[in-house]
Every structure is written in C-alpha cells, then in structure tokens.
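Written out below as structure tokens is the structure these notes cover.
Please treat every number below as a calculation from the coordinates, not as lab data. Note that the structure is a prediction, hence the values are computed from the model and not measured. As a convention, Cβ positions derive from the backbone with ideal geometry for all residues, glycine included, and neighbour counts pool all protein chains shown.
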Amino acid sequence: MPSTAPWPRRVVIAVAFAVTLLAMAVPAGAHPYGYPQTVTVAADAARPEVVHLRWKAGGVDELTLLGAKLGLLPQDRVLLDGAISFQASDATVLASSAPFTSYLLTQMTVSSDGHACAGTVDPPRDLTGSGVDVDYTCTGPVGAARVEVRMLSDLDQAYQTVATGPQGQRQVYGPGRYAHDWALGDVPAASEASVADHDHDRATAWKVAGSVGPLLLVAAVVALLRRQVRRRRLARPRPS
C-alpha cells in the first residue's frame, strides 16, 4: 500500500537525506563541482632538461565523459540528464588510445626560456588510480618552466585543476589562470605570501563545490518526488 505521508514531509525527508550524503563527502560524479583533478609538477634530477607532469582525474566518471568526447566511447553513455554510465573498461580504452595521448599533449604544455618543450606520454598502467605521466624535454636545463593546464576545460570551463610542485609550490588552474611559472632549479621555497595566495585559490575551488553542489542535488530530489506524487495521483481510482 503506497505511503500517504504529506508532501511537505516528503520534501523534508528527502532534503535531510541529501544533506547527509553531502556531509559524507561523496563525490557527485562527472561535473566541475566534484573532487578537482590534480597535476603534479616535478624536475628530473638525472635529466635537468626534463619536466615531469602527472595528471589524475577527479572521478572515474570524468574518464567516461572524456572518452565519449574523443569518440572512443558511445555517446549514449552520457545520458540526457547529465548522468554518466561508467564501465570499468573505460579507463583501459582511454589509456591505450592515440586521441587521448594527443589530447594530453594539447591540453597540457610546458615551455622554458620561451621555447616549447616536446612532450611524451608514458602509457598509464592504472589511469584511475595513479593517473598518467607526461615527460617534457626542453632545449636545455630547466630552472623555471611555464606550465599550461586546460584539462577538461573544453568540456566545461568551470573545471579546475589543483597543481603541486617542488618546495611547496601550488597553483589552482582554471578560468583566467591556465598558465603558471614553476621554479624547478635551485631556488628558495615559495614565499609565505605566494603560498597564502595558492591556499586562497584552493579554498575558492572548494567553496564552489560546497555552494553549488547542494543546490543541484536538492533540486534533483524535489523534481523526482514531484514526479512520483504525480504518478500516484494519476494511479488512484477516481470515484464513480
């Protein structure tokens, strides 16, 4: 027998459930307001002309979304309501493809002394776990490198990337700040003011997730409940 709980009570219960899920810090899936993607910037002690980047997606659903965008996965894996139909094999398909390699080298670039560095992608063994490594070989020893990161920004400009580098350097890539200069040679650690600026950028990225995410989730729950109530009303027998 269907429940006869009044409509306002249904909304209260649903919203409380949504807030509980958010408090547990469960990622919301493939969209810019979930866990941010990350990039690690590092020098090579044995090869001073090489800069290492390691990229990792914020969630596995983003790999499916990217695979569909690159034509490697069926377009119907991205549903009309924005949900992503992820499969465990998606990461394998993406990791072994030439389009993914080309995408990485297009969306992440490195230059030193005004000259572009040539990138080489190391085929990832565990794209969902450890991410993917890209080595950039420059024309000479690198003391400072300009690293540009636009990963997933062509899918949605709201995507941001939290990057870390040597000696505590940090940067949040996103709209209006896709390029950043990194010190990779024998230089002093980042100043306290610089670190504070990076902390502010990271805090801003998480504030976006905290403010927009709950609104989207509550709106989806309310819409679902309205649909259920409408169906039950239509299913009730009309008085003769």
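Per 0.36 nm of contour for each residue apart, how much would the distance between D154 and S102 grow if the chain were fully extended, relative to their Cα-Cα spacing? Let's see the in-between values first.
Numbers: separation 52, 0.36 × 52 = 18.72 nm, distance 1.42 nm.
Gain on stretching D154 to S102: 17.3 nm.
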Worksheet item: HN-Hα J couplings of segment 146-157 from phi, Karplus 6.51/-1.76/1.60, θ = phi - 60°, integer Hz, Gly and Pro as x?
Response: 8, 10, 10, 10, 10, 4, 6, 5, 6, 7, 7, 5
Worksheet item: Fewest to most neighbouring Cβ within 10 Å: what's the order for M108, M151?
Response: M108, M151
